[in-house]
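One structure is given below, encoded as structure tokens.
The values are calculated or read from the model by the stated rules, or taken from the named source; none is laboratory data. What you see is a predicted model, and the numbers here were worked out from it, not measured in a lab. Here the Cβ positions follow ideal geometry from the backbone for every residue, glycine too, while neighbour counts run over all protein chains shown. Just so you know, the surface numbers come from the protein's heavy atoms only, side chains and all, with ligands and any DNA or RNA stripped out. Shrake-Rupley method; radii C 1.70, N 1.55, O 1.52, S 1.80 Å.
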Amino acid sequence: MEIRLAQLDDKKAILSIIKNVVIDMSSQGIDQWDQIYPNEEVVTEDILDGEVYVASEDTVIKGVITLNEYQDEEYETIPWKYNGDKILVIHRL
């Protein structure tokens, strides 16, 4: 398995994975993602910002994750074990 930074050419495969995850999550009553979010615009922006990584095997993308320093307001109230200046937050795994 190879993990690498995503490229715009990977967008179709990433969106396909997201579509399948939305279906699976919905079947389990999880409504965090839907047909509106995450969408192509979000994925494109993440890729252009250099924040998306893909896991591939034999050139087939099997997983995707967005990593960046953005934290929702809700995260600020959590007493994290590590709270230094440099953090990474997992989004859209």
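For the chain, the tally of Lys pairs with Cα-Cα distances below 19 Å comes to 4, considering only residues 8 or more apart or on different chains. Accessible surface of the chain, 1.4 Å probe: 51 percent of it comes from carbon and sulfur atoms. Taking a sphere under 12 Å around the Cβ of Asp46 and counting the other residues whose Cβ falls inside, with K and R at +1 and D and E at -1, yields a net charge of -4. Over the chain, DSSP H runs of length four or greater, each weighted -39,500 (n - 2.57), average out per residue to a 222 nm ellipticity of -9000 deg cm²/dmol. Remark: the chain carries 76 Å² of accessible area per residue (probe radius 1.4 Å; ligands, DNA and RNA excluded). For region 1-79, the Kirkwood estimate of the hydrodynamic radius, built from every pair of different alpha carbons, is 13.7 Å.
The GNM of the chain, with springs linking C-alpha atoms under 10 angstrom apart, assigns the highest mean-square fluctuation among Ile23, Ile36, Ile78 to Ile78.
Pull out a ≥ b ≥ c, the square roots of the eigenvalues of the alpha-carbon gyration tensor of region 26-70, then state rounded if a/c is under 1.5, prolate if not and a/b is larger than b/c, and oblate in the remaining case.
Details: a/c = 2.02, a/b = 1.23, b/c = 1.65.
Cα axes put region 26-70 in the oblate bin.
Among Glu73, Glu57, Glu41, the largest mean-square fluctuation in a Gaussian network model of the chain (Cα springs under 10 Å) belongs to Glu73.
Which is the longest part of the chain that has none of the trypsin sites (Lys or Arg not before Pro) sitting in a DSSP loop with at most 16 other Cβ atoms within 10 Å? Walk me through the numbers on the way to the answer.
Details: sites that count: Lys81, Lys86.
Here the longest segment lacking exposed loop sites spans 1-80.
Exposed loop sites here are chymotrypsin sites (Phe, Trp or Tyr not before Pro) assigned a DSSP state other than H, G, I, E or B and surrounded by at most 16 other beta carbons within 10 Å; excluding them, the longest clear run of the chain is 1-69. For Asn68, the shell of other residues with beta-carbons less than 14 Å away shows a net charge of -4, using +1 for Lys and Arg and -1 for Asp and Glu.
Would you work out the Kirkwood radius for region 1-45? I mean one over the mean of 1/r across all pairs of different Cα atoms, in Å. Don't jump to the answer; show the numbers that get you there.
Details: mean 1/r = 0.0875 Å⁻¹.
For region 1-45, the Kirkwood estimate is 11.4 Å.
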